[in-house]
Amino acid sequence: MMRPKIILFGDSITEDSFGDGGWGASLAHHFSRMVDVVLRGYSGYNTRWALKMINHVFTGDITDAPLAVTVFFGANDASLPDRSSAFQHVSIVEYKQNLEDIVTYLKKKWPTTLLLLITPPPIDEEGRRRYPFGDNPSGLPERTNEAAGAYAKACISVSGECGVAVIDIWSKMQQIPNWEKSCLSDGLHFTASGNKVLFEEVMEGLRKAGITPETLPADLPLMSEIDLLDPLKAFSKSDCQI
């Protein structure tokens, strides 16, 4: 049997999550021998673009249903409409509708899959001034924490209306002392500490749904199950035969 999957769907914070200390890499390590963690992160994407290519991302039928899908968009949608990342901006009304459409699509495709929405992260505006996207003659941050918070509230609202779980990383991260520099490398993307915060929140969301290493079987015999005097005996079970 093939290993079950957890799919990570989102923007650059998801795309980068398999880097050193990344939250996706930590998930893959945590579930090694049990789950394939599948990365589907698209740097710069907003929910409008995500909906345009969702059929391309999620192929397969009901028999391919993953254990869980994380949906982590909003940081780009929340870009301010009159600054350097205006091309990524999506109104909060459309953002909310797009998230609802993404959730509806996934629930219809895979009714048994756990969906975990993740709110946009907080924004350190000084960090965004120091690391702007593209030309920024105004010197103003293209994102603000206030705007990110409004989109986070919209994401939480969608979770309630659609009956799916949500991780409020916008609020959680701001509970960390000196979160602006501790958790964010450029005012938006995560440091190793920021990745650890999200990893722990995702693990808690999975745990609440009963998805833990303790509840999942390894896909082949563990070393502890192999008889050192007769190693091949462990592979004689029907599920290990070719």
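Of all residues assigned to region 19-37, at least one qualifies as being at pLDDT 95 or above, closer than 19 Å to residue 216 by Cβ and assigned to a strand (DSSP E or B). In the condition set (1) under 28 Å from residue 35 (Cβ atoms); (2) touching a helix residue (DSSP H, G or I) at 6+ places or on another chain (Cβ under 6 Å); (3) not basic (Lys, Arg), residue 215 is compliant with all but (2). Filtering region 209-225 to residues that are among the hydrophobic types (A, V, I, L, M, F, W, C) and at pLDDT 85 or above leaves 209, 211, 216. Of the listed requirements (1) free of Cβ contacts under 8 Å to residues at least 40 places away in the same chain; (2) closer than 25 Å to residue 114 by Cβ; (3) among the charged types (D, E, K, R), residue 196 misses just one: (1). The set of residues in region 100-145 that are over 24 Å from residue 62 (Cα atoms), of a type in the set (D, E, K, R) and in a helix (DSSP H, G or I) comprises 125, 126, 128, 129, 130.
How about region 46-59: which of its residues are buried (at least 21 other Cβ atoms within 10 Å of the Cβ) and in a helix (DSSP H, G or I)? If the condition is that a residue be buried (at least 21 other Cβ atoms within 10 Å of the Cβ) and in a helix (DSSP H, G or I), then 47, 50 are the ones that fit. Residues that are in contact (Cβ under 8 Å) with a residue 60 or more places away in the chain, among the polar types (S, T, N, Q) and either outside any loop (DSSP other than H, G, I, E, B) or buried (at least 21 other Cβ atoms within 10 Å of the Cβ) (or both) occur at least once in region 77-86.
Taken together, 146, 125, 142, 94 contain a single residue that is under 17 Å from residue 48 (Cα atoms) and charged (D, E, K, R), which is 94. The residues on offer are 213, 217, and the sole one that is in contact (Cβ under 8 Å) with a residue 12 or more places away in the chain, more than 24 Å from residue 173 (Cβ to Cβ) and touching a Phe, Trp or Tyr at 6+ places or on another chain (Cβ under 8 Å) is 213. Applying the set (1) under 25 Å from residue 189 (Cβ atoms); (2) surrounded by fewer than 22 Cβ atoms within 10 Å (Cβ to Cβ); (3) of a type in the set (Val, Ile, Thr) to residue 62 leaves exactly one unmet item: (1).
None of 175, 97 is assigned to a helix (DSSP H, G or I) and either crowded, with 18+ Cβ neighbours inside 10 Å or without any contact (Cβ under 8 Å) to a residue 60 or more places away in the chain (or both) except 97. If the condition is being more than 17 Å from residue 116 (Cα to Cα) and crowded, with 21+ Cβ neighbours inside 10 Å, then region 32-45 contributes only 45.
The values are calculated or read from the model by the stated rules, or taken from the named source; none is laboratory data. Values in this document were obtained by computation on a predicted structure and should not be read as measured data. With ideal geometry, Cβ positions are generated from the backbone for all residues, glycine too; neighbour counts draw on all protein chains shown.
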